[in-house]
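K.L.:
Sharing a structure, written as structure tokens. Questions coming.
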Amino acid sequence: MAEVIGFISIKGGVGKTTLALETAASLANHFKKRVLVIDANFSAPNLGLWLGIKPEYTLHDVLAGDAGPGFANAIHQRHNFHIVPAAMEYKKDVDPFRLKKIIEKVKNRYDFIILDSSPNYHELIPVIAAADKLYAVTTPDHVTLGTTLKAVRLAQNKKVPVKGIIINRARNPKFEYSVRDIEKRTEIPVLARIRDSKDMARSLFFQVPLTIEDSGHHISQEIQNFASALCGAPEKSRGIFSRLFSFGNWSGKEKINRELFRKQQ
């Protein structure tokens with residue numbers, strides 16, 4: 001039975017879609033898990049665009065009951081995992097709260113179902129309602145962290161657990177919140193800290209997740225560390241190069257959090 005996880009934030013541009021795809025790619029290719037990713041950004045979807053999918057049927061069709069014989073017609077396969085894209089334009093009204101009911105019908109086919117959420121406050125609510133667990137995505141600046149806190153509070157009000165924070169696009173620790181600062185403000189453990197890299201532009205250009213294209217990249221390694229925690233697998237030891245050139249004074253805390261997270265699984 002699949003665990004339904006959602007990546008949330010009330011701010012665009014933090015990298016939720018990329019993180020959803022990279023996590024799916026790692027779970028499917030490194031840990032042999034059956035994974036479905038659903039684009040639950042109902043008004044501004046981009047999962048299909050990221051992967052070059054031009055779907056005939058989308059999540060909107062499923063929600064409206066117009067996907068031909070059913071959900072299967074909206075599923076596409078890329079890089080050993082399944083994807084349900086959403087429609088860029090859709091003329092009929094749909095009920096996003098049907099998402100949970102639709103997911104229930106396919107949960108037994110997968111190990112993980114990943115929801116790529118919208119930054120829109122109202123569109124985020126059905127994703128929270130459909131998820132078993134949530135992970136808040138933030139960049140380590142005060143503006144984004146403030147909006148992340150709003151997403152966390154919304155989830156907590158809906159009684160859906162936010163199991164961890166993922167810091168994305170970290171650049172310079174001298175001018176950004178540290179892992180401990182973020183944990184102090186959110187009261188949630190940081191499970192991954194991903195440094196920014198221009199190599200993500202190459203990955204997007206070729207429409208291949210970086211975890212597949214370059215598994216040795218520091219982003220790929222951190223995504224794989226996070227994915228290993230999700231499925232309870234042991235974490236690979238970092239090489240001597242990674243230890244010598246760790247990122248400022250941030251190194252270590254997120255790894256400790258992942259070990260504690262594994263014990264709670």
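Each reported figure results from applying straightforward, stated rules to the coordinates on display, with no laboratory input. Because the structure is a prediction, the values reported are computed rather than measured.
K.L.:
Roughly speaking, what is the centre-to-centre gap between the range 122-176 and the range 74-96 when only Cα atoms are used, to the nearest Å?
P.N.:
After rounding, the separation between the Cα centres reads 23 Å.
K.L.:
Let me ask something additional. Can you tell me the length gained on complete extension of the stretch K184 to N108, counting 0.36 nm per residue apart and subtracting the Cα distance?
P.N.:
23.6 nm
K.L.:
Mind putting together the pair-distance distribution for the chain? All Cα pairs, 10 Å bins, whole percent per bin, short to long.
P.N.:
7, 32, 38, 19, 4, 0
K.L.:
How large is the helix-only mean residue ellipticity at 222 nm for the chain, computed as the sum of -39500 (n - 2.57) over DSSP H runs with n ≥ 4, divided by its residue count, in deg cm²/dmol to the nearest 500? Intermediate results must be reported in sequence, preceding the final value.
P.N.:
Details: 12 runs with 108 residues, N = 265.
Helices in the chain give a 222 nm mean residue ellipticity of -11500 deg cm²/dmol.
K.L.:
Set the bar at 23 Å for Cα to Cα. Now go through K32/K263; K16/K54; K92/K159; K101/K263; K101/K158 and name every pair that lies beyond it. Numbers along the way, then the final one.
P.N.:
Values: K32/K263 21 Å; K16/K54 21 Å; K92/K159 31 Å; K101/K263 30 Å; K101/K158 17 Å.
Beyond 23 Å: K92/K159; K101/K263.
K.L.:
Turning to a different aspect of this structure: List the relative contact order of the chain as a percent without decimals, with contacts defined as Cα pairs under 8 Å and 6+ residues apart.
P.N.:
On the way: 488 pairs, mean separation 61.6, N = 265.
After rounding, I find 23 percent.
K.L.:
Share of antiparallel DSSP beta bridges in the chain, in percent to the nearest 5? The partial results should precede the final answer.
P.N.:
Details: 3 of 30 bridges.
Taking every DSSP beta bridge with both residues in the chain, the antiparallel ones total about 10 percent.
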